[in-house]
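Just so it is clear, none of the values below were taken in a lab; they were calculated from the coordinates. All figures in this text were calculated on a predicted structure; none of them were measured in a lab. Methodologically, a virtual Cβ is constructed for each residue, glycine included, from the backbone with ideal geometry; neighbour enumeration extends over all protein chains shown.
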Amino acid sequence: MVLPEYVVVFCTAPAGEAETIAKALVDARLAACVNVTDVRSCFRWEGTVSSEPEQLLVIKTQHRLLDALIAGIKGLHSYDLPEIVALPIVGGYAPYLDWVREETA
């Protein structure tokens, strides 16, 4: 199996905390860019269905940095079980992907 060079990582976090996580990931060069947007999440936790306001982080990075990025998120995140899901980037605008590589070098 060929691993993708780049991934997009989704992570939800409480409002305010998401911006702190985003800045830390970019500052550490674990992410080239992190978009932070408001969302409402519906989920089952400890037997109860909840609907909560959160912020969604859309993180662009290199696959080789995924383990370090996950560790970085876990170190800053207040949830016991944070959502951290990586999806492969199978294509895109080459100059942008070059920029992602440069910013996460």
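Worth a mention:
- Residues considered: Val49, Val36, Val58. Largest GNM mean-square fluctuation over the chain, using C-alpha springs under 10 Å, is found at Val49.
- Whole-Hz ³J(HN,Hα) from phi, Karplus 6.51 cos²θ - 1.76 cosθ + 1.60, for segment 5-13, glycine and proline x: 6, 10, 9, 10, 10, 9, 8, 9, 7
- Working note: Karplus 6.51/-1.76/1.60 with θ = phi - 60° gives segment 15-22 the couplings 3, x, 5, 4, 5, 4, 5, 4 Hz, where Gly and Pro are set to x.
- Inter-label distance for Val85 and Ala105, nm, one decimal - labels placed 7 Å from Cα along Cα-to-Cβ: 3.4
- Backbone geometry of segment 91-99 corresponds, through the Karplus equation with coefficients 6.51, -1.76 and 1.60 at θ = phi - 60°, to 3J(HN,Hα) couplings of x, x, 6, 3, x, 5, 5, 4, 5 Hz, x marking Gly and Pro.
- Amide H partners (placed H, <5 Å) of Thr12, local residues excluded: Leu57, Glu83
- Label selected from (i) 20, 16, 12; (ii) 25, 14, 13; (iii) 42, 21, 7, the criterion being semi-axes √(5λ) of the Cα gyration tensor in Å as computed here: (ii)
- Near Gln55: Cβ cut-off under 14 Å, other residues only, Lys/Arg at +1 and Asp/Glu at -1. The net charge is -4.
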